[in-house]
C-alpha cells in the first residue's frame with residue numbers, strides 16, 4: 001500500500017497529468033530571463049553551508065524542466081532539461097543575468113524530436129575540450145556532443161538485456177579524474193541489494209569494454225537524482241525523497257568510488273539536506289573550486305508545473321568527513 005501511495009504521489013508531482021496546472025502557452029522563443037534572489041539566511045554550520053540562491057523564470061516556452069547542471073566558467077552555467085533543450089546562462093556577482101541562450105539538443109541523423117529520444121537526465125562537461133556528455137533515459141543511451149551542443153559526435157546504448165526501464169534509467173553521471181565515468185540509474189533492477197549502476201573505464205559514448213555493474217544502496221535517502229565528482233576523488237550524490245510536507249526532501253551524501261567492484265553493494269554517507277523553505281525537486285548538481293574553496297550548485301526541475309520553481313542554489317562544502325576504509329560495508333550516517 002505504501003509503495004502504491006508513493007507511486008501515485010510521484011505520478012502527480014512529476015508528470016503532466018489531467019487536472020494539473022502547467023505552463024502551456026503559445027510558443028514563445030524570447031530569450032529573456034528574470035532572476036530573483038531567494039530570501040534565506042546564509043548558514044555557517046555543518047558541511048553543507050548555504051550561500052545564496054535565485055528563482056529563475058523566463059517567457060521562453062522551453063525554459064525549465066532542468067535535470068542537470070554544469071559550471072562551465074566563472075558565473076557561467078550550462079543547464080539541460082528533460083524536454084531536450086539546453087540553456088547557457090551567465091550571471092554577474094549580484095545575480096543579474098548577463099547572457100542567455102536556449103536551444104534544442106540535436107537528434108541522431110536529424111530524426112524528429114520525440115520525448116522518448118531527448119529525455120536528458122544527466123550531464124558531464126569537459127572544460128578542456130568544451131564537449132558535453134548527456135545521459136538519456138528514454139532510449140538508455142549516452143551521447144557525446146561537440147562544444148557548441150550542435151552535433152552528436154558519438155553515442156552508445158547502455159548494456160542489456162535487460163535494459164534499464166525507460167522511465168527509471170540513467171539519472172546521474174559523474175566523470176572521475178582518471179577518466180572513468182559512473183552512471184547511476186534512478187530505479188533500475190528491483191534487486192534487494194540496491195539500484196543498479198555502471199562504471200565505465202573510458203568514454204561511455206564510445207565503443208569499448210563492458211562497464212562494471214554494481215549496486216547502490218541509498219539506505220532510505222530516496223532515489224539518486226544527480227552526481228558530481230569532488231576534488232578529493234569521491235562522488236557527491238543528490239537524492240530525492242517524496243513525502244507530503246514538504247513534497248520533496250533533498251538529501252546530499254558522499255560515496256567513495258574505491259568501493260565499486262563487480263556486483264558490489266556501495267553505500268554513501270549523508271552530509272546534509274536542503275531545508276524545508278528551499279524544498280524543491282533538485283535534479284542537477286555541479287561542483288566548482290575557486291580560491292581553495294569548494295562550491296556545490298543545485299538546480300531544480302519545475303516539471304513545467306505552475307506550482308513548482310526553477311531554483312539555482314549555491315552551497316559551500318566545508319569540513320567534509322574523511323574517507324573511511326570499508327565504507328561500502330558500514331557507511332555511517
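The values are calculated or read from the model by the stated rules, or taken from the named source; none is laboratory data. The model shown is predicted, which means the values in this text are computed figures rather than measured ones. Cβ coordinates were reconstructed from backbone atoms using ideal geometry, including for glycine residues, and neighbour counts include every protein chain displayed.
Some notes on this structure:
- The strands (runs of 3 or more DSSP E) found wholly in the range 265-315 and carrying at least 2 residues that are out of contact with any helix residue (DSSP H, G or I) (no Cβ under 9 Å at 6 or more places or on another chain) and at pLDDT 95 or above occupy 269-273, 282-290, 293-300.
- Qualifying residue in the range 248-258 (condition: within 23 Å of residue 138 (Cβ to Cβ), at pLDDT 95 or above and surrounded by 16 or more Cβ atoms within 10 Å (Cβ to Cβ)): yes
- When residue 323 is tested against (1) at pLDDT 95 or above; (2) out of contact with any helix residue (DSSP H, G or I) (no Cβ under 7 Å at 6 or more places or on another chain), only condition (1) is not met.
- Lone unmet requirement of (1) outside any loop (DSSP other than H, G, I, E, B); (2) in contact with a helix residue (DSSP H, G or I) (Cβ under 9 Å, 6 or more places away or on another chain) for residue 135: (2)
- For the residues 165, 159, the requirement of being surrounded by fewer than 18 Cβ atoms within 10 Å (Cβ to Cβ), at pLDDT below 90 and in a loop (DSSP other than H, G, I, E, B) singles out 165.
- Exactly one residue out of 232, 190, 148 is surrounded by fewer than 20 Cβ atoms within 10 Å (Cβ to Cβ), out of contact with any strand residue (DSSP E or B) (no Cβ under 7 Å at 6 or more places or on another chain) and closer than 27 Å to residue 47 by Cβ, and it is 232.
- Unmet criterion (only one of (1) surrounded by fewer than 22 Cβ atoms within 10 Å (Cβ to Cβ); (2) in contact (Cβ under 8 Å) with a residue 12 or more places away in the chain; (3) part of a loop (DSSP other than H, G, I, E, B); (4) at negative phi) for residue 178: (2)
- Test result for residue 52, loosely packed, with under 15 Cβ neighbours inside 10 Å and part of a strand (DSSP E or B): yes
- Test: residue in the range 184-192 that is within 24 Å of residue 286 (Cα to Cα) and in a strand (DSSP E or B): yes
- Qualifying positions in the range 77-106 - over 22 Å from residue 295 (Cα atoms), touching a strand residue (DSSP E or B) at 6+ places or on another chain (Cβ under 8 Å) and outside any strand (DSSP E or B): 82, 84, 105, 106
- Of the residues 123, 117, the single one that is at pLDDT below 95 and surrounded by 12 or more Cβ atoms within 10 Å (Cβ to Cβ) is 117.
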